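Please read the structure below before turning to the comments.
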Amino acid sequence: MEDVNKIERDDQFGSTPQGLAQRWGTEIEAAGKELKKFHDDAERILKRYLDKREDWGRDESRVNLFWSTMKVLLSMLYARPPKADVSRSFQDFEDDQARVAGTMLQRMLNKGFDEDISAWDTAVRNGIEDWLVIGLGQIWMRYEVEIEEEEVPAVFDEMGNEIAPMQMVERIKEEDACVDYVHWKDFFYSPARTWTEVRWVARRVYMTKDQLEERFGEEIAKVVPLQKPASKTDDKQQPQHDPWAKAEVYEIWCKEHEKVYWYSPGTEVILDVKDDPLDLENFFPCPKPIAANTTTSNFVPRADYIFAQDQFNELDEINTRITWLTRAAKVVGVYDKSADGIQRMFQQAAENQLIPVDNWAMFAESGGIKGKVDWVPIDQVVNAINQLRVYRGDKTQQIYEVLGISDIMRGSTNANETASAQQLKAQFGSTRIQLMQFYIAEWISEALRIKAEIICKHFQPETIIERSNVMRTPDAPFAQAAIALLKDEHVSQYRIKVEADSMAAMDWAAERDAAVQFMNGLGAFISQVAPMAQQVPEAGPYLMRMMQWAVSKFRVSTQIESILDQAVAGMQQKLQTPPPPPQPDPDTVIKAQIEQAKIQSAEKIAMMEAQSDQQIASLKASVELQKIEMKAALDGVTQQYQQIMQAMNTTGQMAPQLEQLAGAVAQLAQGSAQSNEMSAMQMQTLMDRLSRKTKRVPIRDENGDIVEVREVEDDAPDGMAMLPQPQGAMNAGFVG
């Protein structure tokens, strides 16, 4: 293959399998050269982390502070699997369709972390550990589907004629959005200053002959060279005794061409080419790698260990010196060979035992034991050890300051320090930790967003409903509408986030104190605004929003924010609905009924009085009319009588008519007298009745309700005399 170090045009190599293989061989080689320094440093750092020494370094004495520090950081940053939070960008509380869609997506994302043996948890944990130790961590998403053939029976009409023949169709049996951990030596990308300038990403995988044939076919598998198992001279970090020969295959995702290429070094043709298989928004099937200490000049990670390697080396040297001085700090000396008792004193003497000497006078004259023995001085050795220990403490503190690990975070402290000093240390350490937690949360959130895109664009609706278990919840009626929303809208409409502290180890004492503080603040707020809410119900939603804003400052309030949202929505809906009439007080109802009865009684009495006055006026008018009629009749009779008398005076023949007329006059006079007497009696009776004392008696039905009020006399409690009617009086005047 021709070695081409510079690419001038995109079509320089052509689009043939040979040209594509040459082009991507050049790209992979350039990326390897760009990352070679990082890979060399990572190898060295990994050996230091695992304390792998050469033969000449066996006599060194180390305290592997680098390993212990990384383990402390890992426990603080990723002590438990994260929890994804999926919500709509616009928090419309009435949009149940979007709410249920977010809930279904959130359940499917978190399901990968909740499994007993979680591939997601393993991949993420390995990536974070790589990032802490050597400075780069990465994971890779893929869509895996298993298809089986299913027989569709033939279709016949009513006459038995075959309409559609039997067919074999493909059906999705199983599908999943999988994640793979990518080793830091197997991740490549185009050289760039920042991640946004990266044109392609690639991962290297090792495949056996059988895997090559299954994936690319026998023809391609024949031309792919297999590598021999790693020998003792190769990378000592890799497995040394794997008997399988494997091929080195690169899976390359090119954003510029929106294609995926499979390339193997040493092969003259490209293995495979496919158009964008996932249709992701940002094309790449992996998130931006979690890289340490990158700049805008060159996107190449640099491990934190490099910034403290001098301090680590000095610490190793100090520990080695302390070890050798400690070995030298022992009680040794010389003695006079002629003084036999001195040797016997150290070798044979037990407790409370004296050793005899042959000539005490000579022994005492020569200085006794002090004159016969001389010890090696160890005061200087012990002093040197003490000074080295002090220096080691200073060097250790320098390492913690460089890495940002305070003694409070390591669980150690000085009893002489004040609480303020310890708090400052904790704040200094927590600031660095919070930034690292943010990087991890951002990395995991982007990976979950890619998984969410794969679910929405490629999963069957039946799979989403089944794995989200939404049909067993009260939101089941919105399931189909939520599926339609997930399939139609882009996942960018949703905010997929991972809270950084959700991955940290839980401090139960701190959680309890935070909960108590939260409840105290909440209780104080409620006690202050409750009177206002009772007096002005319309202010309730605004007060709830203020409370929601206040409690959001507490970290423990995250779990109840949805409850506050529901409370605000319910309160607003309640204000929009007219309130039901209040239930009256029973005493008030009875009093109102009594007052109503009084009013009705007064109205009936007034009506009866008006009827009485009307009856009296009608009676008077009837009497006057009768008087006028009687007078007119009497005047007519008188006139007739005068005419008859005149005729009698002239003729003398009117005796019978006169007698008849006299009888009529007598009868008319008698009737008029009777009518006047009866009218006078009726008037007298009516006046007497009106002048009598009366009382009002309520008449109730069988339920005890007042139906009418009657006015009766004091001496007639059970009834009331009927008033005479005007028509009866008129008829009575013409009786007889």
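The values are calculated or read from the model by the stated rules, or taken from the named source; none is laboratory data. Predicted model, so just to flag it, every value in this text is computed and none were measured. Reconstructed Cβ throughout: ideal geometry from the backbone, glycine too, with neighbour counts over all protein chains shown.
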Among the residues in region 102-114, are any farther than 24 Å from VAL300 by Cβ, of a type outside the set (S, T, N, Q) and free of Cβ contacts under 8 Å to residues at least 24 places away in the same chain? no
Exactly one condition in (1) touching a Pro at 6+ places or on another chain (Cβ under 9 Å); (2) surrounded by 18 or more Cβ atoms within 10 Å (Cβ to Cβ) is not met by ALA221; state its number. (1)
Can you tell me which of (1) under 30 Å from TYR400 (Cβ atoms); (2) surrounded by 15 or more Cβ atoms within 10 Å (Cβ to Cβ) is the one TRP24 doesn't meet? (1)
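Every residue, every condition in (1) at positive phi; (2) surrounded by 18 or more Cβ atoms within 10 Å (Cβ to Cβ); (3) polar (S, T, N, Q); (4) touching a Leu at 6+ places or on another chain (Cβ under 9 Å), yes or no:
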{"residue": "SER264", "(1), (2), (3), (4)": "no, yes, yes, yes"}
{"residue": "VAL273", "(1), (2), (3), (4)": "no, no, no, yes"}
{"residue": "GLU281", "(1), (2), (3), (4)": "no, no, no, no"}
{"residue": "ILE290", "(1), (2), (3), (4)": "no, yes, no, yes"}
{"residue": "THR295", "(1), (2), (3), (4)": "no, no, yes, no"}
{"residue": "ALA303", "(1), (2), (3), (4)": "no, yes, no, yes"}
{"residue": "PHE307", "(1), (2), (3), (4)": "no, no, no, yes"}
From the list ARG204, ARG193, which one is at pLDDT 95 or above and part of a strand (DSSP E or B)? ARG204
Residue check for GLU144: among the acidic types (Asp, Glu), closer than 30 Å to ARG215 by Cβ and not assigned by TED's automatic domain parsing to the domain that holds THR294: yes
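If you go through region 250-290, how many residues are assigned to a loop (DSSP other than H, G, I, E, B), of a type in the set (A, V, I, L, M, F, W, C) and more than 41 Å from the chain's Cα centre (by Cα)?
Within region 250-290, residues that are assigned to a loop (DSSP other than H, G, I, E, B), of a type in the set (A, V, I, L, M, F, W, C) and more than 41 Å from the chain's Cα centre (by Cα) number 3.
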Failed item in (1) closer than 15 Å to GLN309 by Cβ; (2) assigned to a helix (DSSP H, G or I); (3) in contact with a helix residue (DSSP H, G or I) (Cβ under 6 Å, 6 or more places away or on another chain), with ARG44 passing the rest: (3)
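Being modelled with pLDDT of 75 or more and in contact with a helix residue (DSSP H, G or I) (Cβ under 9 Å, 6 or more places away or on another chain) narrows it down to one residue among ASN469, ASN520; which is it?
Details: ASN520 fails: in contact with a helix residue (DSSP H, G or I) (Cβ under 9 Å, 6 or more places away or on another chain).
Checking each option against the conditions leaves just ASN469.
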Counted residues, region 16-50 - those being within 30 Å of VAL63 (Cα to Cα) and touching a residue at least 60 places away in the same chain (Cβ under 8 Å): 11
For ASN383, work out the one condition from (1) of a type in the set (S, T, N, Q); (2) modelled with pLDDT of 90 or more; (3) touching a Gly at 6+ places or on another chain (Cβ under 8 Å) it doesn't fulfil. (3)
For LEU109, which of the numbered conditions (1) under 26 Å from LYS173 (Cβ atoms); (2) crowded, with 18+ Cβ neighbours inside 10 Å; (3) modelled with pLDDT of 90 or more; (4) of a type outside the set (Phe, Trp, Tyr) fails to hold? (3)
Those residues that are within 18 Å of PHE363 (Cα to Cα) and outside any loop (DSSP other than H, G, I, E, B), I need them from region 305-351; list them, please. VAL334, TYR335, ASP340, GLY341, ILE342, GLN343, ARG344, MET345, PHE346
Lone qualifier among VAL63, VAL72 - being part of a helix (DSSP H, G or I), modelled with pLDDT under 90 and not polar (S, T, N, Q): VAL72
Within region 108-149, tally of residues that are farther than 30 Å from ILE465 by Cβ, among the polar types (S, T, N, Q) and touching a Gly at 6+ places or on another chain (Cβ under 7 Å): 1
